[in-house]
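J.: I have a structure I would like to understand better, so I am pasting it below and will then ask my questions one at a time.
The values are calculated or read from the model by the stated rules, or taken from the named source; none is laboratory data. These figures come from a predicted structure and were not determined experimentally. So basically every Cβ, Gly included, is an ideal-geometry build from the backbone, and we count neighbours across all protein chains shown. Side chains included, ligands, DNA and RNA excluded: accessible areas come from the protein's heavy atoms. Shrake-Rupley method; radii C 1.70, N 1.55, O 1.52, S 1.80 Å.
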Amino acid sequence: MGEVVHLREPADERLDERVKRAREAAGNVVDPEVPVLTIEDLGVLRDVRLAGEAVEVVITPTYSGCPAMDLISVQVDLALEKAGFASRKVTLSLSPAWTTDWMSEAGKEKLRAYGIAPPVGRAKGRGVLFGVDEIPCPHCGSAETERVSEFGSTACKALWRCRACREPFDYFKCI
């Protein structure tokens, strides 16, 4: 008698397509505080799961008191509804905590083009504990910049000014 070989069942392409469709719908939701970024760009979109006909999208706030998360949750739910998901759930997950390391490179470029300096360095670096001393200006690229205030238009940003072009700008803090 020969060896018994167990064949893997073929992947359910319908499930894969549903996950892709749900991820795309949720991932295109924009951050209401920085409308050039999607939650996919920010790394806020953490997971998409299917359980039968139901879809669950897991999101993580940029910080525990982020006022935009309620609106983002509603927008994700609406995007899933528009994408044809009748049974859906949006779950807020606080662990692991969000970090700017989760931001996509495309998202950082979108920030720069919008006039906000993207995070410099890694979240586990010196900049988290002691701040950073040099942030390139998103307007002209000069390194001749100075921090005006530790807090900018939102708690996750600091206010900086360029000495070369004289323009103020937000810096998205490395968290």
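J.: Under 7 Å between Cβ atoms, which residue pairs at least 6 apart in sequence (or on different chains) link something in region 109-130 that is closer than 25 Å to T38 by Cβ with a partner that is open to solvent by 90 Å² or more (accessible area, probe 1.4 Å) and at pLDDT 90 or above?
T.: The qualifying pairs are G115/H139; P118/R112.
J.: Does V74 qualify as being over 22 Å from P96 (Cβ atoms) and at pLDDT 95 or above?
T.: Details: over 22 Å from P96 (Cβ atoms): yes; at pLDDT 95 or above: yes.
Criteria met by V74.
J.: Give me a count of the residues in region 144-167 that are at pLDDT below 95 and not in a strand (DSSP E or B).
T.: 7
J.: May I pose another question? Among helices (runs of 4 or more DSSP H) lying entirely in region 31-131, which contain 3 or more residues that are open to solvent by 60 Å² or more (accessible area, probe 1.4 Å)? Even if it seems obvious, please write down each step before you answer.
T.: Working: elements: 39-42, 69-82, 105-114, 126-130.
In region 31-131, 69-82, 105-114, 126-130 are the helices (runs of 4 or more DSSP H) which contain 3 or more residues that are open to solvent by 60 Å² or more (accessible area, probe 1.4 Å).
J.: Just checking, how many residues over region 1-30 are part of a loop (DSSP other than H, G, I, E, B), at pLDDT 95 or above and open to solvent by less than 70 Å² (accessible area, probe 1.4 Å)? Spell out the reasoning first.
T.: Within region 1-30, the subset part of a loop (DSSP other than H, G, I, E, B) is 1-12, 28-29.
Those left that are additionally at pLDDT 95 or above: 28-29.
Next, only the ones that are open to solvent by less than 70 Å² (accessible area, probe 1.4 Å) stay: 29.
The total comes to 1.
J.: In region 149-168, what residues are closer than 22 Å to T62 by Cβ and either out of contact with any strand residue (DSSP E or B) (no Cβ under 7 Å at 6 or more places or on another chain) or among the hydrophobic types (A, V, I, L, M, F, W, C) (or both)?
T.: Hits for region 149-168 are F151, T154, A155, C156, A158, L159, W160.
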